[in-house]
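See below for the structure under consideration.
The values are calculated or read from the model by the stated rules, or taken from the named source; none is laboratory data. Being a predicted model, the structure only gives us computed values, none of them experimental. All Cβ positions, even for glycine, are placed from backbone atoms using ideal geometry, and neighbour counts span all protein chains on display.
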Amino acid sequence: MNQVVVAEALQALAAANEAYYRLVLLVGGPNSGKTAVLRAVADTLGVVSLNTGLALSERLLELTARQRALRLPEIFTDTLASGEQPVVLDNTEILFDRSLQQDPLRLLQGIARNRQVLACWNGRIENGKLLYAEPGHSEYRQYPVEDFFVVGMNACSGAGRGYGA
């Protein structure tokens, strides 16, 4: 595990505490070590890292597709109601599922308005843009890097630099 990235994530969380959106995204590709970093940060802070996909899919299972799309923001907020801070989210890919008709970054920013959030982002930073998936893919997303902090897992995604609010 990369101790430098763990330290950067902890620093970004401290800085984010003063921002409008208290959101820090840990950005890296598949198998880049995001989960190990999230667990190390969670252990350091004495909180639990939440498997977002598992937690949400269990609550969405009994709902129709339409109900899932309509109720996901409420269910996501309720799932995080424990009050534990910061919230550490792993396996956030469910938020990108096209059938849920959500804007993943806006969902994360919504929960980060009133509490610190460290969430993994399976993607990269390129030319000042936060990317998820490849152009042409049904789940492709592109956002300007603003109103949140980024900690990169490797040189391609901006390791050693925090971007933010």
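Worth a mention:
- One residue alone among 105, 100 is modelled with pLDDT of 95 or more and not aromatic (Phe, Trp, Tyr), and that residue is 105.
- Matching residues in segment 119-140 - criterion: being under 17 Å from the mean Cα position of the chain (by Cα) and assigned to a loop (DSSP other than H, G, I, E, B): 133, 139, 140
- Contacts under 6 angstrom Cβ, first residue in segment 75-102 being in contact (Cβ under 8 Å) with a residue 60 or more places away in the chain, partner in a helix (DSSP H, G or I), 6 or more apart: 86/13
- Answer from 74, 93, 84, 8 - the residue that is over 25 Å from residue 134 (Cα atoms), of a type in the set (D, E, K, R) and in contact with a strand residue (DSSP E or B) (Cβ under 8 Å, 6 or more places away or on another chain): 8
This table checks each residue for (1) farther than 27 Å from residue 129 by Cβ; (2) surrounded by 13 or more Cβ atoms within 10 Å (Cβ to Cβ).
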site	(1), (2)
16	no, yes
19	no, yes
30	no, no
37	no, yes
55	yes, yes
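- Pairs linking a residue in segment 33-60 that is assigned to a helix (DSSP H, G or I) to a residue that is surrounded by 19 or more Cβ atoms within 10 Å (Cβ to Cβ) and of a type in the set (Lys, Arg), with Cβ atoms under 7 Å and 6 or more positions apart or on different chains, are 60/68.
- Subset of segment 82-107 [in a loop (DSSP other than H, G, I, E, B), among the charged types (D, E, K, R) and under 15 Å from residue 118 (Cβ atoms)]: 84
- Test result for residue 27, assigned to a strand (DSSP E or B) and over 11 Å from residue 148 (Cα atoms): yes
- Whichever residue in segment 122-140 is charged (D, E, K, R) and either without any contact (Cβ under 8 Å) to a residue 40 or more places away in the chain or out of contact with any Asp or Glu (no Cβ under 8 Å at 6 or more places or on another chain) (or both) and, among such residues, is surrounded by the most Cβ atoms within 10 Å (Cβ to Cβ): 124
- Checking the stated criteria, residue 35 turns out to be of a type in the set (Val, Ile, Thr) and in contact with an Asp or Glu (Cβ under 8 Å, 6 or more places away or on another chain).
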